[in-house]
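Here is the structure we will look at.
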Amino acid sequence: MRIGSGFDVHRLVEGRKLILGGVEIPYEKGLLGHSDADVLVHAVMDAILGALGKRDIGVHFPDTDAQYKDISSLVLLTKVVDLMKQQGYRIGNLDVTVMAQKPKLKDYIPRMLKNLADVLECEISKLNIKATTTEGLGFEGKGEGISAGCVCLIEKL
Ligand SMILES: [Zn+2]
């Protein structure tokens with residue numbers, strides 16, 4: 001078994017869709033980034049890459065590469081899963097924390113879990129997503145951005 005951690009932040013801006021865990025969430029702002037800026041999925045990808053000892057998403061999917069412009073991060077996650085399988089691993093379990101003052105994410109978490117389970121090719125019971133505010137503190141608390149952290153255990157096939 002190997003363990004990895006991932007952390008990511010994106011800025012909240014007007015005129016962008018808010019996509020978290022592959023779910024479009026109605027909100028007045030969305031996350032800014034080269035891809036769809038799905039901060040949750042990015043943290044998951046970095047945790048898996050970390051567990052594999054394969055650097056990070058910036059190395060694999062550079063934001064200077066036009067083919068990744070506005071791409072669904074679930075597509076990028078598929079590529080990370082392919083790499084994981086090539087290396088002979090599958091998900092042991094995975095735990096994500098999203099830090100956002102607004103909007104409330106609780107009702108969207110079941111769909112996020114389903115999206116992740118489909119791409120990660122594992123049971124939903126191996127996955128956990130938590131959402132928390134930061135009590136109004138910091139950039140998440142002021143609504144300037146959303147951050148996400150993930151730890152992931154992978155096990156040999
Ligand atoms: Zn990101």
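Sorted by accessible area with a 1.4 angstrom probe, largest first, how do F7, F61 fall?
F7, F61
Helix 39-52 sits at what angle to the longest principal axis of the chain, using alpha carbons and giving 0 to 90 degrees rounded to 10?
Long axis of 39-52 versus the principal axis of the chain: about 20 degrees.
Calculate what fraction, in whole %, of the accessible area of the chain sits on carbon and sulfur atoms when a 1.4 Å probe is rolled over the protein chains.
Values: 4010 of 7860 Å².
Taking all protein chains in place, the chain shows 51 percent carbon and sulfur surface.
Which whole-number value in Å² is the accessible area per residue of the chain, probe 1.4 Å?
Heavy-atom SASA per residue in the chain reads 50 Å².
What number, in percent, do you get for the relative contact order of the chain if the mean sequence gap of Cα pairs under 8 Å and at least 6 apart is divided by its residue count?
34 percent
Might you work out the accessible area of Y27 for me, using a 1.4 Å probe with all protein chains in place, and round it to the nearest 10 Å²?
For Y27, the solvent-accessible surface is approximately 70 Å².
Pairs K85/K106; K29/K142; K85/K126; K126/K156; K29/K102; K54/K85: which exceed 19 Å Cα-Cα?
Values: K85/K106 31 Å; K29/K142 13 Å; K85/K126 17 Å; K126/K156 15 Å; K29/K102 10 Å; K54/K85 13 Å.
Beyond 19 Å: K85/K106.
Could you pull the Cα extents of the chain along its three principal axes, largest to smallest, in whole Å?
42, 35, 24 Å, listed from the longest principal axis down.
Taking DSSP loops as anything outside H, G, I, E and B, show the longest stretch in the chain free of GluC sites (Glu not before Pro) there with at most 11 other beta carbons within 10 Å.
That would be 29-122.
Using a 1.4 angstrom probe with every protein chain in place, what is the largest-first accessible-area order of L94, L74? Working shown, then result.
Numbers: L94 5, L74 35 Å².
Descending accessible area places them as L74, L94.
Which log10 I(q)/I(0) values does segment 65-110 give at q = 0.14, 0.19, 0.28, 0.30 Å⁻¹ under the Debye formula, counting every alpha carbon as one identical point scatterer?
The computed values of log10 I(q)/I(0) come out as -0.59, -0.91, -1.02, -1.05.
Over the Cα atoms of segment 64-157, each weighted equally, I'd like the Debye log10 I(q)/I(0) at q = 0.14, 0.15, 0.17, 0.20 Å⁻¹, rounded to two decimals.
Once normalised to I(0) and log-transformed, intensities are -0.63, -0.71, -0.87, -1.06.
Enumerate the calculated ³J(HN,Hα) couplings along segment 136-151 in order (Karplus 6.51 cos²θ - 1.76 cosθ + 1.60, θ = phi - 60°), each rounded to whole Hz, writing x wherever the residue is Gly or Pro.
Couplings: x, 8, x, 5, 5, x, 7, x, 7, x, 10, 10, 8, x, 9, 10 Hz.
Run the dipole for the chain about the Cα centre, Lys and Arg Cβ at +1, Asp and Glu Cβ at -1, nothing else charged, and hand back the magnitude in debye, nearest 20.
260 debye
Which value, in Å² and to the nearest 10, is the accessible area of S72 when all protein chains are kept and the probe is 1.4 Å?
My reading of the accessible area for S72 is about 50 Å².
Using a 10 angstrom Cβ neighbour count of at most 12 plus a DSSP loop assignment to flag exposed trypsin sites (Lys or Arg not before Pro), which longest range of the chain is free of such sites?
Longest run free of exposed loop sites: 1-54.
The values are calculated or read from the model by the stated rules, or taken from the named source; none is laboratory data. What you are looking at is a predicted structure, and each value in this text was computed from that prediction instead of being measured. For neighbour counting, all protein chains shown are included, and Cβ atoms are generated from backbone atoms with ideal geometry for every residue, glycine included. Quick note on the areas: whole protein, heavy atoms, side chains included, nothing else; ligands and nucleic acids left out. Shrake-Rupley method; radii C 1.70, N 1.55, O 1.52, S 1.80 Å.
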